[in-house]
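Participant: Questions regarding the structure given below will be posed in turn.
Coordinate-derived values only; no laboratory data. Remember, it's a predicted structure, so these values are computed and weren't measured experimentally. So basically every Cβ, Gly included, is an ideal-geometry build from the backbone, and we count neighbours across all protein chains shown.
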Ligand code: TXA
Ligand code: MG
């Protein structure tokens, strides 16, 4: 039985009630679908970790409806200190940007994996916004996939793997971004990007005046806890087009531009373009859905054509590199 519900006012109120009483639900955002629970409720949060099979050292992002409610999750002094930079980042909030800041003591400690900081996101998706506006608590929500699998971009993806564990899955349609949010750490001496996403280093640099190289600098970068080298992986081995060796019997090819299919000599069982014109935003939107579909075809190998490392292309390459890590090894 599917629990997918249309996002009517009644169903959104029902989802808020489920959260209030300690339940775990599936909710849409513009990046990917999330697995939500009341971030103040240690038992509900424990269920997220259990349902996902997520290691307890990997902290969750909490979601609120607007920046005015930042003190639901952040330490008040830290929130005050972050006001100027958050104001500069205003055009990405709400949106596909999460920021890390000192936390308040109402957040259940397991949400933050014991850290004294919390990652906060304000999604722009209208259904997520309507739901969060009814919650007098922040909603902890990792992507709604089993740990390490591909993030879901449709309500059906959530239902296919987690249905029996959830009270409700709110259907918000296909995610418009298709990749997880950019994570910007504001808790250290200098802001650092911990995870790339639709909001790029260049955009953050332009808005804040901080050089992109400094935002991305690796040597002194604290890696986001729980960020694994192998992640977002289909069960089928996956390789980047430029890195394949021998091509096995049944191979699936995902390429960038419908007008420019690459020539992969033999054994291509199925191929699909991720965009009609090579548009990076469209490629991002279609990538996870296509990876999931190809993963269900019993292929020996999924080959994905690399995009240029510009704009959201960097986030796409980041996800593909992680998805191929198991195969490369
Ligand atoms: O787009 C998204 O961000 C989606 C949607 C549902 O909002 N959520 C998402 O959550 O991708 P998740 O759990 O898959 O990614 C959370 C990541 C952690 O793995 C960690 O790297 C980082 O956020 N993170 C969370 N709390 C942190 C903290 N206090 N300090 C540093 N990094 C943190
Ligand atoms: Mg995830």
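Participant: What is the pair-distance distribution P(r) of the chain, computed from all Cα-Cα distances in 10 Å bins starting at 0, with each bin given as a whole percent?
Facilitator: Binned Cα distances yield the sequence 6, 27, 34, 24, 9, 1, 0.
Participant: How big is segment 125-196 in terms of Cα radius of gyration and Dmax, in angstroms?
Facilitator: Just the Cα atoms of segment 125-196 yield Rg and Dmax of 14.5, 44 Å.
Participant: Continuing with the same structure: What nm distance separates the two modelled labels at residue 249 and residue 147, each placed 7 Å from Cα along Cα→Cβ?
Facilitator: 3.4 nm
Participant: OK, next. Given Cα positions, please report Rg to Rh for segment 55-127, the hydrodynamic radius being the Kirkwood one. All intermediate terms of the calculation are to be shown ahead of the outcome.
Facilitator: Details: Rg = 12.0 Å, Rh = 12.5 Å.
The Rg/Rh ratio comes out at 0.96.
Participant: For each of 192, 218, 80, count neighbouring Cβ atoms within 10 Å of the residue's Cβ, then give the residues from fewest to most.
Facilitator: 218, 80, 192
Participant: Quick one: grab the alpha carbon gyration tensor of segment 28-73, order the square roots of its eigenvalues as a ≥ b ≥ c, and give me rounded if a/c is under 1.5, else prolate or oblate depending on whether a/b is larger than b/c.
Facilitator: It is oblate, given that a/c is not under 1.5 and a/b is not larger than b/c.
Participant: Classify segment 86-142 as rounded, prolate or oblate from the Cα gyration tensor: take a ≥ b ≥ c as the square roots of its eigenvalues, call it rounded if a/c is under 1.5, otherwise prolate when a/b beats b/c and oblate if not.
Facilitator: Oblate is the answer for segment 86-142, as a/c is 1.5 or above yet b/c matches or exceeds a/b.
Participant: Mind telling me which of 208, 153, 200 comes out most flexible in a GNM of the chain, alpha-carbon contacts under 10 Å?
Facilitator: 208
Participant: Quick check: the angle from helix 313-323's long axis to the longest principal axis of the chain, C-alpha only, nearest 10 degrees?
Facilitator: The two axes meet at around 80 degrees.
Participant: Nearest 0.05, what FRET efficiency do residue 279 and residue 50 give at R0 = 35 Å with Cβ-Cβ as r?
Facilitator: The computed FRET efficiency comes out at 0.35.
Participant: What does the C-alpha gyration tensor say about the overall shape of segment 136-278? Classify as rounded when a/c is under 1.5, otherwise prolate if a/b is larger than b/c, or oblate.
Facilitator: Cα axes put segment 136-278 in the oblate bin.
Participant: Report, to two decimal places, the Cα Rg of segment 1-81 normalised by 2.2 N^0.38 Å (N = number of residues).
Facilitator: That ratio works out to 1.21.
Participant: Then there's this: State, to one decimal in nm, how far the label point of residue 106 lies from the label point of residue 212, with both points 7 Å from Cα in the Cβ direction.
Facilitator: Result for the modelled spin labels: 3.9 nm.
Participant: Within segment 161-202, list the residues whose amide N lies under 20 Å from a label point set 7 Å along Cα→Cβ of residue 57.
Facilitator: 194-195
Participant: So, one more: In deg cm²/dmol and to the nearest 500, what is the mean residue ellipticity at 222 nm of the chain if only DSSP H runs of at least 4 residues count, each as -39500 (n - 2.57), divided by the residue total?
Facilitator: -8500 deg cm²/dmol
Participant: So how far, in whole Å, is the C-alpha centre of segment 138-182 from the one of segment 91-115?
Facilitator: 19 Å
Participant: Any idea what the alpha-carbon Rg over 2.2 N^0.38 Å comes to for segment 258-329?
Facilitator: So segment 258-329 has a normalised radius of gyration of 1.10.
Participant: Same structure, new question: What whole-number distance in Å separates the alpha-carbon centres of segment 1-71 and segment 188-216?
Facilitator: Their Cα centres are 28 Å away from one another.
Participant: For the residue pair residue 126 and residue 77, what label-to-label distance in nm results when each label sits 7 Å from Cα along the Cα-to-beta-carbon direction?
Facilitator: That separation, rounded to one decimal, is 4.3 nm.
Participant: Between residue 21 and residue 272, how high is the FRET efficiency from 1/(1 + (r/R0)^6) when r is the Cβ-Cβ distance and R₀ = 56 Å? Nearest 0.05. Kindly include the intermediate steps, with their values, before the conclusion.
Facilitator: On the way: r = 43 Å, r/R0 = 0.76.
Efficiency at R0 = 56 Å is approximately 0.85.
Participant: By how many degrees, between 0 and 90 and to the nearest 10, does the Cα long axis of helix 9-20 differ from the longest principal axis of the chain?
Facilitator: On a 0 to 90 degree scale, this one is about 70.
Participant: On a 0 to 90° scale, report how tilted helix 76-88 is relative to the longest principal axis of the chain, with both axes built from alpha carbons and the result rounded to the nearest 10.
Facilitator: 50 degrees
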